[in-house]
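My questions all concern the structure below.
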């Protein structure tokens, strides 16, 4: 009904635009009324709508607020403008200048005029309405873009890559961006601060609260040690400025990368869940109020330990609270069960997203932002057995690890590059060492570690007075290539009697000055030796 | 850099396979598609241009062996151009070079008559 009244005013404005000369020609007294609203329950509305032509105001047999207003303004004749059965405006005329009544010819002319003006006016009204709606839609879209921009700007652009750990994360925004966030803070003593949180609102306001909370969290994480103290400090800092009815749930913990412990505190967020290497999972509990509700809160702490192969899983509400078409919720029990049933590390995220799609169906419109973080403690090869004949002049230049997977030998090559400039080897030797390291790493990933990304290849670079040593170790899982294998036969390969593959070990042996293999049950090491030109310590 | 293999037909049915990027296991699909294309075109000889290849590993060598095996069966010469000294050495020790003549320029490789580099 509000729309109807608005259109009525529009019609009045149209009338006012007519030049005065027209009023003179029509022979009417000029009137000037203030805007007249016809209330939805005013009987005049139905009367004008159904009149079928000009209405003599004096002949109306009832009283109503609008009729009184029109009479008070000196209106004599009302010509309703009706389009598709709906009253969209009135042309109001005062008495004729001659003080005679309007003739039937006048009325016919006015009825005909109204019949032609009404549809044109209706079209103009619709266009104006569409323009207004388009502006509104654009405003909403723009706000969504701003919220998305803020959100994405404050999510980590790069994940940390600590040695012997694999960190994976997924942030999948809903159509209307929520206030999810996660981040990592590198701390002293080989520790990593991890937080996952959610602001209880959507759009730009939530994104702004997210951005400021995250900044306060990062600062507090670097200053304070205990996760509980960090959340307490953050709560006290954000609480005074928190908008009404908004608060932030957040889990913050410190991962000790050497010991595998995750000590955490929880401000009303979902509990962390650990998926065990051999299957199974367990949630760990710590309680505390969401951030921003009340100052002076304390936060309980708890600790979980990750053994090699275990995965720590953190997540926001949207995953457990997703609904299927029947209205059932995905739920925490299913989530915890799937964390135990799925693969480890990054693969767990794909597994859970696939399970979620199984549950919701593929045309599910995501209700809220989904944020998940999976941190796996990698399985590293057992330490090298004591080397009885280690020369006294040997020193370790670098030790690094590479996750197993096709193409990852290039990660080992990249890590190697930083030494190659400093070492006294000519270009020919450098190229050959590159090829040998690439091939040995490929063998280790493919044969030793079965290309499983959670199994790492360890690369150690040693300098000796007259040689550079590179040791490449895997977990000794699969069939190993051995140093006494026969050389590949190109003629047999071309005749199709031998696989076209199988060049790796041959290439390694041809590229380096010496190659040794050390093997135990859980570690297989290939040692590459490259003589240095100087003869003395070439590094 | 992703691998790419592009076929261009030069004179007298000699097809040039212009390779770029990293020739490793992940290059297999592109390499096989390009090789199939030049066989469909009925190439009488194949020139592999390695000028834009920065990295070749044992899986890449296996892909070349497959091309050589097919060429040997069809009695179709394979020539190579644009290899760095390092990869020339690799092709020599693996004896791939016994079945694939190496040239200094693509023009010479297409003609197949210029002085050999070995």
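Can you find, within the range B:40-62, the residue that is farthest from the chain's Cα centre (by Cα) among those that are crowded, with 17+ Cβ neighbours inside 10 Å and more than 13 Å from every other protein chain (Cβ to nearest Cβ)?
This residue is B:43.
Continuing with this model, one more query. Which residue, of A:189, A:180, is closer than 30 Å to residue A:308 by Cα and touching a strand residue (DSSP E or B) at 6+ places or on another chain (Cβ under 6 Å)?
Selected residue: A:180, the only one of A:189, A:180 that is closer than 30 Å to residue A:308 by Cα and touching a strand residue (DSSP E or B) at 6+ places or on another chain (Cβ under 6 Å).
Restricting to the range A:334-382, give me the number of residues that are in contact with a strand residue (DSSP E or B) (Cβ under 7 Å, 6 or more places away or on another chain) and over 30 Å from residue A:202 (Cβ atoms).
Total meeting the criteria: 10.
Answer yes or no: is there a residue in the range B:31-42 that is assigned to a helix (DSSP H, G or I), farther than 23 Å from residue A:488 by Cβ and touching a residue at least 40 places away in the same chain (Cβ under 8 Å).
no
Could you please find all residues in the range B:21-36 being within 13 Å of chain A (Cβ to nearest Cβ) and in contact with a strand residue (DSSP E or B) (Cβ under 6 Å, 6 or more places away or on another chain)?
B:21, B:22, B:23, B:31
While we're here: Just to verify a result, which residue in the range A:405-430, among those that are under 15 Å from residue A:469 (Cα atoms) and within 11 Å of chain B (Cβ to nearest Cβ), is nearest to the chain's Cα centre (by Cα)?
Ranking the candidates gives A:413 first.
Looking at the range A:325-350, which of its residues are surrounded by fewer than 18 Cβ atoms within 10 Å (Cβ to Cβ) and touching a helix residue (DSSP H, G or I) at 6+ places or on another chain (Cβ under 7 Å)?
A:343
Turning to a different aspect of this structure: Would you point out which residue out of A:496, A:502, A:476 is away from chain B (no Cβ under 14 Å) and touching a helix residue (DSSP H, G or I) at 6+ places or on another chain (Cβ under 9 Å)?
Checking each option against the conditions leaves just A:476.
Before we move on, is residue B:73 more than 8 Å from chain A (Cβ to nearest Cβ) and crowded, with 22+ Cβ neighbours inside 10 Å?
The answer is no for residue B:73.
Can you find a residue that is at the interface with another protein chain (Cβ under 8 Å from one of its Cβ atoms), modelled with pLDDT of 90 or more and surrounded by 13 or more Cβ atoms within 10 Å (Cβ to Cβ) anywhere in the range A:512-525?
no
Something else: Could you give every pair whose Cβ atoms fall below 7 Å, whose first residue belongs to the range A:109-122 and is in contact (Cβ under 8 Å) with a residue 24 or more places away in the chain, and whose second residue is surrounded by 14 or more Cβ atoms within 10 Å (Cβ to Cβ) and in a helix (DSSP H, G or I), counting only separations of at least 6 or pairs across chains?
Final answer for the pair search is A:121/A:11; A:121/A:14.
The values are calculated or read from the model by the stated rules, or taken from the named source; none is laboratory data. The structure displayed is predicted, hence computed values, not measured ones. Here Cβ is always computed from backbone atoms with ideal geometry, including for glycine, and neighbour counts include all displayed protein chains.
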